[in-house]
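Notes for the one structure printed next.
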Amino acid sequence: MPFVTNQGVRTHYVVEGSGPPVLLIHGFSGNHTSWSGYDYVAPLRERFQLIMPDVRAHGQSDGPDDPAAYRMDLLAADMIAILDDLGIARAHVLGYSMGGVIGYALARDWPQRLRSLVVGGASPYDTEPRGEPSFLLELYERAAHEGTEVLVEGIRSWAGAITPAYEARLRAANVSGGAALQRWAHEHRMDFTAALPGMTMPCLLYCGEDDDDYTDMQRAAAELPHARFIGLPGMNHVQVSGASAQLVPELIAFWNSVGA
């Protein structure tokens, strides 16, 4: 199982399939198995080389307790280290939620390494209310002291329902690392507004209509030079992560249109 090391932190990744390389970056509380669990891998691996990392504090990757270990430039650099390890100069990038934020950072700081960018369920703007800790930060800090049952019940209450595979990932979560990641995100708000005009690679953005980021992502698609937006009616943030039946045909068509 491959690992790469960036500034002392090891990141685990797996590779499946062959064809043009696609870097798939999961959302917070997921890991590389999220993509197969939500039925993305089977229909895509026959056409593309799928590169699926575990972001820091997820899966088999290291999860330091220091919030500074989760600076966005470090998370993005982990992804570049994986591409370097595989000898890949340019790749398509798909990131969902937290993975989408990492995708924006890659498009801003490493545009020469991206063939295209797909982002789901992640606004590039800093529009969250100031002051109080986020729901996820409070939940993970509680779970670090009280156990993962707090995490499972909190996510289930927020999402409405979760799959057995998602529940299993939550029960195995690195809660101290996850809390540190959320603490950094709370204290260092990311905003890519100024960078959007410079993201000139082909982009595809998608979001559920019941996701709080829906309007912002529509706006972002209009502000990016070469972007298209897909809205998914009747779906919230968690439901869209599993909307492979609707999204896989769109992804294949988009990547084929961009080329290798």
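The values are calculated or read from the model by the stated rules, or taken from the named source; none is laboratory data. In this text, all values refer to a predicted model and were calculated from it rather than measured experimentally. When we count neighbours, we look across all protein chains shown, and the Cβ atoms used for this are built from the backbone with ideal geometry, even at glycine. In case anyone asks, the SASA skips ligands and DNA or RNA and just uses the protein heavy atoms, side chains included. Shrake-Rupley method; radii C 1.70, N 1.55, O 1.52, S 1.80 Å.
Residues whose amide H lies under 5 Å from that of GLU209, counting only those 5 or more places away or on a different chain, are LEU232, GLY234, MET235; hydrogens are built 1.01 Å from N in the peptide plane. Computed over protein heavy atoms with a 1.4 Å probe, the accessible surface of the range 115-260 works out to 46 Å² per residue. Expressed as a whole percent, the accessible area of the range 184-246 that falls on carbon and sulfur atoms is 49 (1.4 Å probe). With all protein chains kept in place, the per residue accessible area of the range 21-89 amounts to 33 square angstrom at a probe of 1.4 angstrom. Apolar share of the accessible surface for the range 14-136: 49 percent from carbon plus sulfur atoms, 1.4 Å probe.
Modelled label positions at GLU223 and ASP66, each set 7 Å beyond Cα in the direction of Cβ, lie 3.3 nm from each other. Take every pair of alpha-carbon atoms less than 8 Å apart whose residues are at least six positions apart; their mean separation over the length of the chain yields a relative contact order of 20 percent.
With contributions of -39500 (n - 2.57) from each DSSP H run of at least four residues, the per-residue ellipticity at 222 nm computed over the chain stands at -12500 deg cm²/dmol. Using only side-chain charges placed at the Cβ, +1 for Lys and Arg and -1 for Asp and Glu, the dipole size of the chain relative to its Cα centre rounds to 740 debye. Judged by the gyration tensor of its Cα atoms, with axes a ≥ b ≥ c, the range 1-153 is prolate; a/c meets the 1.5 cut and a/b is the larger of a/b and b/c. For the range 50-119, the Kirkwood hydrodynamic radius from C-alpha pairs, put into Stokes-Einstein at 10 °C and a viscosity of 1.306 mPa s, yields a diffusion coefficient of 129 µm² per second. Think of the range 132-260 as having a plus end and a minus end, set by charges on the Cβ of Lys, Arg, Asp and Glu; of GLY147, SER157, PRO249, PRO249 sits farthest toward the positive end of this dipole. Shown in residue order for the range 240-252 are the 3J(HN,Hα) couplings computed by the Karplus curve 6.51 cos²θ - 1.76 cosθ + 1.60 at θ = phi - 60°: 5, 4, x, 8, 5, 4, 7, 8, 4, x, 5, 5, 4 Hz (x for Gly and Pro). Proximity of backbone amide H atoms, modeled 1.01 Å from N, is registered between HIS226 and CYS203 at under 5 Å, excluding neighbours fewer than 5 places apart on the same chain.
Relative to the Cα centre, the charge distribution of the range 1-138, modelled as +1 at Lys and Arg Cβ and -1 at Asp and Glu Cβ, gives a dipole magnitude of about 520 debye.
Residues whose amide H lies under 5 Å from that of ARG47, counting only those 5 or more places away or on a different chain, are SER18; hydrogens are built 1.01 Å from N in the peptide plane.
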